[in-house]
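A quick write-up on the structure given underneath.
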Amino acid sequence: MQERYFNRELSWLEFNARVLFQGLNKNLPLLERLQFLSIVTSNFDEFFQVRVASVKRLLQENPGQADVSGLTPQMVLTSVSARAHQIIRSQQECLMSDILPSLAEKGLVYVTPMQYTQQQSEYLQGVFNSEIFPLLTPLRTDAEAFPHIKNLTTYAAFLLKPIAGIKVSSQDFKGSDDLPRIAFVEIPGGSGGLKNIYWLPNTRLSAKGKQFALLQDIVTEFGTKLFPGFEVEETMLFKVARDADFAVDEDAGKNFIHAMEDVLIQRKSSFPVQMTCKASSQTILKFIMEHLELKEEDVYRIDQIINPADLMELRDTDEGSSLSFEHWEHFYPADLPEDEPYWDTLKLRDKILHVPYESYDPVVKFLNDAADDDEVLAIKMTLYRTGRDSPIIDALERAAQRGKQVVVLVELKARFDEERNIAWANELEQAGVTVIYGLVNLKVHAKILMVIRRESDTIRRYVHLATGNYNTKTAKLYSDISLFTANPQIANDATLFFNLVTGYSILQNMNCLSMAPVTIKSRLIAMINREIERSSPENPGLIIAKMNSLTHEEVISALYKASQAGVKVLLNIRGICMLVPGVEGLSENIRVVSIVDRYLEHSRIFYFQNGGTPELYCSSADWMSRNLDRRIELMFPILDKTAFEDVKSILDTYFADNSSAMQLQSNGSWQPVERGKKEDAVRAQEVLYKKYKALEEKKPKETETRFEVRRK
């Protein structure tokens, strides 16, 4: 019998397999393929910390409880382990047998410890002694004190034995015939101030290009110096992912920031979920597994490199630029003025901004202009993930210092960004900003900014709504849609929204905006049902939607009903999709595709044909239970005719893709869409880039000043 729902965790794994597929794609530049392999690892790090940890906890609490796909927690864990091991094996095979040899052919040669020449070994030993050794701290293990293993931190483990003829006292090093002498050393890469790549003197006359060693190898190769009186018998590199699926106790009665800080502390010492290791020592591996209570299915063996992202420093080489994607500009929108505020422009029409094809500068400019404009009275906005060194924060602080009313809702519960958001909140408060720390038991994920300005004899409000965060860094990497508008109805709704989330307010009906957890879900289901009612065999209904994930059972059931009624449903889902497409009598009219390319697809766009009077919406919310039932989200309509055509064109482009797109099958697998002839290839992201490049080229150019010399 065909299941009605795919399992959420297994669907996510297939998303990571699609990321891996890009890494395997020999048509992509080498360092971009390496980048995709690195993303596979970072994706898994978060997956195990959050999703697998939650399933393990459910296994302890309710082992017999099956989910909507019919799988119990143990069945999920078994299936996850099998598929994740398969993906990681493919990733490692690609890295070791394809990417690294191909990099060597291009002049970037990774040298393993077994390949060091005597001169290279002497050079690296000097590097170790002067730069690395002072930062290392060996940690002994014994029956009384097993050291704490930090989350997602790479360690080198050493199995030691005394050098012959040297007596070891119990005070020097505890050990016995039954307990191996093992020490751990944290490898201080990244924030520890060390490079991951060390360039080697080239001693092979026949060798071409640049040779490099990795920090992880240097530590394991020369770590003997850390243990005088002992020799190293075996080594092993490893890292551990710990449970990070903690929720702050919002009813504890304590200061909310203190409660959040408690969560950050708990995360550092939570139970181990998974271990990645270069398992060159079975003795060390068994020892660690026993102490961390990890099963064989929790251990993922890799061939050589713990973190493929360590190799991304190769981008900084001369060779790196030729092994990466062609540079794509982020164009300033052709229909927005660069040298004056947008107030007059927005009074005439709405403006769609599509990053990263278009620059994020207009959002920063919009906020800077508001901060510096004497006629601006107030600024209100939400912040979820902002990034470091944010010009957004700078503008808000400057506005407050200039005496404007600035109100910012900072969501502290943005997982893995909590510490940074606490720092931002404190900094904003010190600058005079009124900071609201979200709502009890509801995460505020909406993206909205409102500027209130005095104009002549009235007050006018300007609103910015977005599918992505106010983050200038990710705006160069994530594909998102945002709307600038002075539409009075949307502005009125924005005012109601801020009144609700900052004070005491009974929710009033909004004319344009829909807000989760109150109205987005019911509005979506109503529009799906409306599509059913207005569909006929002669004029079938049409729903087109793009989002990150689709897991909400009620929405999926409504889409199944639409399919059974003859409505055509086109879905572009980047990540998780629990809906089963293409099943006769259930979902034969539903097609699901996914695009993984150089930019992370992050926009949420929803189109309803509505019997010939189409409606188009963008949203901060995916069609997931957490977004529609447990978060504050916003869905906003695209009302301006030109803006509507622009966003609909963007949406159609994604479904025309036959180069990067993959299609979900009814058995849960993903297959590349039919590619067709090379001359007919459509790559959505490239089409969109060329569109905005063409608009840039059509901009009127400033006439060049010429000096003509008068001649006799």
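For the range 321-343, enumerate the residues that are surrounded by fewer than 18 Cβ atoms within 10 Å (Cβ to Cβ) and either acidic (D, E) or in a helix (DSSP H, G or I) (or both).
S321, S322, E326, E329, D335, E338, D339, E340 - these are the residues of the range 321-343 that are surrounded by fewer than 18 Cβ atoms within 10 Å (Cβ to Cβ) and either acidic (D, E) or in a helix (DSSP H, G or I) (or both).
Residues in the range 469-511 that are in contact (Cβ under 8 Å) with a residue 24 or more places away in the chain and either small (G, A, S) or part of a loop (DSSP other than H, G, I, E, B) (or both): how many?
Residues meeting the conditions: 13.
Just checking, does the range 585-602 include any residue being touching a residue at least 12 places away in the same chain (Cβ under 8 Å), in contact with an Asp or Glu (Cβ under 6 Å, 6 or more places away or on another chain) and of a type in the set (K, R)?
So far as the range 585-602 goes, no, none of its residues is touching a residue at least 12 places away in the same chain (Cβ under 8 Å), in contact with an Asp or Glu (Cβ under 6 Å, 6 or more places away or on another chain) and of a type in the set (K, R).
Just checking, does the range 532-547 include any residue being open to solvent by 10 Å² or more (accessible area, probe 1.4 Å) and in a helix (DSSP H, G or I)?
Taking every residue of the range 532-547 in turn, at least one turns out to be open to solvent by 10 Å² or more (accessible area, probe 1.4 Å) and in a helix (DSSP H, G or I).
With the structure loaded, tell me whether G175 is open to solvent by less than 60 Å² (accessible area, probe 1.4 Å), under 15 Å from E131 (Cα atoms), touching a Lys or Arg at 6+ places or on another chain (Cβ under 9 Å) and at pLDDT below 80 or whether it fails that test.
So G175 does not fit the description; no.
Take the residues in the range 30-48 that are over 24 Å from F325 (Cα atoms) and either among the charged types (D, E, K, R) or at pLDDT below 95 (or both); name whichever of them is nearest to the chain's Cα centre (by Cα).
Once the filter is applied, the top-ranked residue is E46.
Condition first: under 20 Å from N16 (Cα atoms) and open to solvent by less than 60 Å² (accessible area, probe 1.4 Å). Now tell me which residues in the range 51-68 satisfy that. Let's see the steps before the verdict.
Initially, the range 51-68 is screened for residues under 20 Å from N16 (Cα atoms), giving 51-55.
V52, A53, S54, V55 - these are the residues of the range 51-68 that are under 20 Å from N16 (Cα atoms) and open to solvent by less than 60 Å² (accessible area, probe 1.4 Å).
Residues that are open to solvent by 40 Å² or more (accessible area, probe 1.4 Å) and either in contact with a strand residue (DSSP E or B) (Cβ under 6 Å, 6 or more places away or on another chain) or over 18 Å from L550 (Cβ atoms) (or both), at least 2 per element: which helices (runs of 4 or more DSSP H) completely within the range 605-698 meet that?
Because the criterion is at least 2 residues that are open to solvent by 40 Å² or more (accessible area, probe 1.4 Å) and either in contact with a strand residue (DSSP E or B) (Cβ under 6 Å, 6 or more places away or on another chain) or over 18 Å from L550 (Cβ atoms) (or both), the helices (runs of 4 or more DSSP H) in the range 605-698 that meet it are 641-656, 684-697.
Being aliphatic (A, V, I, L, M) and either out of contact with any helix residue (DSSP H, G or I) (no Cβ under 9 Å at 6 or more places or on another chain) or open to solvent by 30 Å² or more (accessible area, probe 1.4 Å) (or both) narrows it down to one of A400, A423, A395, so name that one.
Every option except A423 fails the conditions.
For the range 403-420, which residues satisfy the criterion of being closer than 16 Å to N469 by Cβ and either surrounded by 15 or more Cβ atoms within 10 Å (Cβ to Cβ) or of a type in the set (S, T, N, Q) (or both)?
Across the range 403-420, the qualifying residues are V408, L409, V410, E411, L412, K413, A414, R415, D417, E418, R420.
From (1) in a helix (DSSP H, G or I); (2) of a type outside the set (A, V, I, L, M); (3) touching a helix residue (DSSP H, G or I) at 6+ places or on another chain (Cβ under 6 Å); (4) free of Cβ contacts under 8 Å to residues at least 60 places away in the same chain, pick out the condition that doesn't hold for K521.
(4)
Restricting to the range 351-374, name every residue that is part of a loop (DSSP other than H, G, I, E, B) and farther than 23 Å from Q405 by Cα.
Answer for the range 351-374, where residues must be part of a loop (DSSP other than H, G, I, E, B) and farther than 23 Å from Q405 by Cα: P356, Y357, S359, Y360.
Starting from the range 300-326, keep only residues that are in contact (Cβ under 8 Å) with a residue 40 or more places away in the chain, then list their pairs with residues that are aliphatic (A, V, I, L, M) and open to solvent by 30 Å² or more (accessible area, probe 1.4 Å) whose Cβ atoms are within a distance under 6 Å, requiring at least 6 positions of separation or different chains.
From the range 300-326, the pairs are D303/M96.
Would you mention how many residues in the range 76-98 are among the small types (G, A, S), more than 18 Å from S38 (Cα to Cα) and surrounded by 20 or more Cβ atoms within 10 Å (Cβ to Cβ)?
Qualifying residue count for the region: 0.
When you go through G64, G70 one by one, which is the residue that is farther than 18 Å from Q216 by Cβ, touching a Ser or Thr at 6+ places or on another chain (Cβ under 7 Å) and not β-branched (V, I, T)?
On inspection, the qualifying residue turns out to be G64.
When both residues are 6+ apart or on different chains and their Cβ atoms are under 6 Å apart, which pairs have a first residue that lies in the range 682-698 and is farther than 11 Å from A334 by Cβ, and a second that is surrounded by 15 or more Cβ atoms within 10 Å (Cβ to Cβ) and among the acidic types (D, E)?
V682/D657; A684/D657; Q685/D597
Out of A516, A494, which single residue is surrounded by 21 or more Cβ atoms within 10 Å (Cβ to Cβ) and under 21 Å from F608 (Cβ atoms)?
Just one listed residue meets the conditions, A516.
Give the number of residues within the range 178-195 that are open to solvent by 30 Å² or more (accessible area, probe 1.4 Å) and either modelled with pLDDT of 90 or more or of a type in the set (D, E) (or both).
Total meeting the criteria: 4.
Give me a count of the residues in the range 1-24 that are farther than 15 Å from M662 by Cα, hydroxyl-bearing (S, T, Y) and surrounded by 22 or more Cβ atoms within 10 Å (Cβ to Cβ).
Qualifying residue count for the region: 0.
So N27 fits all but one of (1) open to solvent by less than 60 Å² (accessible area, probe 1.4 Å); (2) under 20 Å from M662 (Cβ atoms); (3) modelled with pLDDT under 95; what number is the exception?
(1)
Return the total of residues in the range 426-483 being over 26 Å from the mean Cα position of the chain (by Cα), at pLDDT 90 or above, among the hydroxyl-bearing types (S, T, Y) and open to solvent by 10 Å² or more (accessible area, probe 1.4 Å).
Going through the range 426-483 one residue at a time, the tally reaches 2.
The values are calculated or read from the model by the stated rules, or taken from the named source; none is laboratory data. Quantities reported herein were computed from a predicted structural model and do not represent experimental measurements. Cβ: placed from backbone, ideal geometry, glycine included. Neighbour counts: every protein chain shown. Protein only, heavy atoms only, side chains kept; ligands, DNA and RNA dropped before computing areas. Shrake-Rupley method; radii C 1.70, N 1.55, O 1.52, S 1.80 Å.
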